[in-house]
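Asks: Before I ask anything, here is the structure I am working with.
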Amino acid sequence: MQDPFIGKVFDGRYEILARIGEGGMGVVYKAKQVSIDRVIAIKVLNPQMAADQQWVQRFANEARACSRLQHPNTIRMFDFGQSQDGRYFLTMEFLDGQVLRTAIQQGPMAPNRVAKILIQCCASLAEAHAIGIIHRDIKPDNVFLLNMAGSPDFVKLLDFSVAKLLQENDRMKTQAGVVFGTPQYMSPEQGRGLPLDARSDLYALGILGYEMLTGRVPFNDDNPMTVLQMHLRSELPPLPPNVSPGIASVVRKALEKDPARRYQSAGEMMQHCQQVFAELNQGQSIGGGGVPKTMIAQGPFAGAPPPAAGGPPPGFGPPPAYPQAG
């Protein structure tokens, strides 16, 4: 049965061309912004969720988070609002490529390709973290790969719908006790429902790295609670012996169970990935966005000195207490 929106003009401005995806929160369409003949993507919140104020807030949170992010490795948002007939929507750039999940399903990826993708993910997150936004749902479905100007694997980080703004005066913080995320990619502290900082996102990047190198996540089970316990207590399954030591060390450090033993910022992890990429490519270097020089972050903490050893990233205050697994 064809979607009734196809061929219609939404909110008097956007001609709906095709349905391209559906998630828990809503449907994503390819559309044309009629006034300037621009192809965009438009996400429309499900009517059932639009009746629930908590979901409306979460949808607005994605729009608010994305509107502040300008890094080329982050999806660009154009507009957010409520249509004339009461539907909540947001519009963003239309991406033509594949999600990382599809690339992983084609088999284990070469270490230099893994390093290139991780560098760009770190670059996107560094900007977000610098202005107090953590993503909290990093997974292969939220990493999009484009062929940009002949360069493959240009990364766009998607879906900040569960992103948490860390400012103390933010009124849209997630309700206490409610854990959002995908169990296979959740840090030990996220699974416990503890306060999170940037290092939780870096743990998820470690899971991505492991999955890209092996074709599978390190911890998995049919029971989501079992998966969360595995993140807390199970040792990381060894990587295959043919994985280069450099990229293996990146993954292992990102996947330390104690946040104090992980990378302390996306910039630090990105720098290590760049070193590994250079070693794997005979000195060739790459920055976030696939360009030689990368803007690591924008915002009040850009250019700030690195944190003291063992300390939290700039702007995050004291690290949360980390209960030891018993």
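Read the figures in this text as sums done on the coordinates, not as results from a lab. If you're wondering where the values come from, they're calculated on a predicted model, not measured in any experiment. Cβ coordinates were reconstructed from backbone atoms using ideal geometry, including for glycine residues, and neighbour counts include every protein chain displayed.
Asks: Bin width 10 Å, alpha-carbon pairs only: give the P(r) of the stretch 16-93 as whole percents, running from 0 to the bin holding the largest distance.
Replies: 18, 52, 28, 2
Asks: Now for a separate question. Aspartates and glutamates near LYS32 by alpha-carbon distance under 17 Å, same-chain residues fewer than 8 away left out - which ones?
Replies: ASP3, ASP11, GLU15, ASP79, GLU93, ASP96
Asks: What distance in nm separates the simple spin-label points at ASP85 and VAL34, each placed 7 Å from Cα in the Cβ direction?
Replies: Between ASP85 and VAL34, the label points sit 1.4 nm apart.
Asks: Cut-off under 18 Å on the C-alpha distance; same-chain residues fewer than 8 positions from LYS8 excluded. Which aspartates and glutamates are left, in chain and number order?
Replies: Here the aspartates and glutamates satisfying the reach criterion relative to LYS8 are ASP37, ASP85.
Asks: In a shell of Cβ-Cβ distance under 13 Å around ALA31, excluding ALA31 itself, what net charge do Lys and Arg (+1) and Asp and Glu (-1) give? It would help to have the intermediate numbers written out before the result.
Replies: Numbers: positive: LYS8, ARG13, ARG19, LYS30, LYS32, ARG38, LYS43; negative: ASP3, ASP11, GLU15, ASP37, ASP79, GLU93.
Counting the neighbours of ALA31, the net charge comes to +1.
Asks: Right, another one. Rounded to a whole number, what is D in µm²/s for the stretch 97-290 from Stokes-Einstein with the Kirkwood radius over alpha-carbon pairs (25 °C, 0.890 mPa s)? Kindly include the intermediate steps, with their values, before the conclusion.
Replies: Numbers: Rh = 16.8 Å.
Taking Rh from Cα pairs, D becomes 146 µm²/s.
Asks: Continuing with the same structure: Summing +1 for each Lys or Arg and -1 for each Asp or Glu, what net charge is found among the other residues whose Cβ lies under 12 Å from the Cβ of PHE154?
Replies: Taking every Cβ under 12 Å from that of PHE154, the sum is 0.
Asks: What's the magnitude of the charge dipole for the stretch 173-279 around its Cα centre, counting Lys and Arg as +1 and Asp and Glu as -1 at the beta-carbon? Answer in Debye, nearest 20.
Replies: Roughly 160 debye for the stretch 173-279.
Asks: Highest mean first, what order results for 39-51, 192-204 on Cβ atoms within 10 Å?
Replies: Sorting 39-51, 192-204 by mean packing, highest first, produces 192-204, 39-51.
Asks: Now, a different point. Plugging the Kirkwood radius over Cα pairs into Stokes-Einstein for the stretch 1-52, at a temperature of 37 °C and a viscosity of 0.692 mPa s, what D comes out in µm²/s?
Replies: Translational D for this selection: 288 µm²/s.
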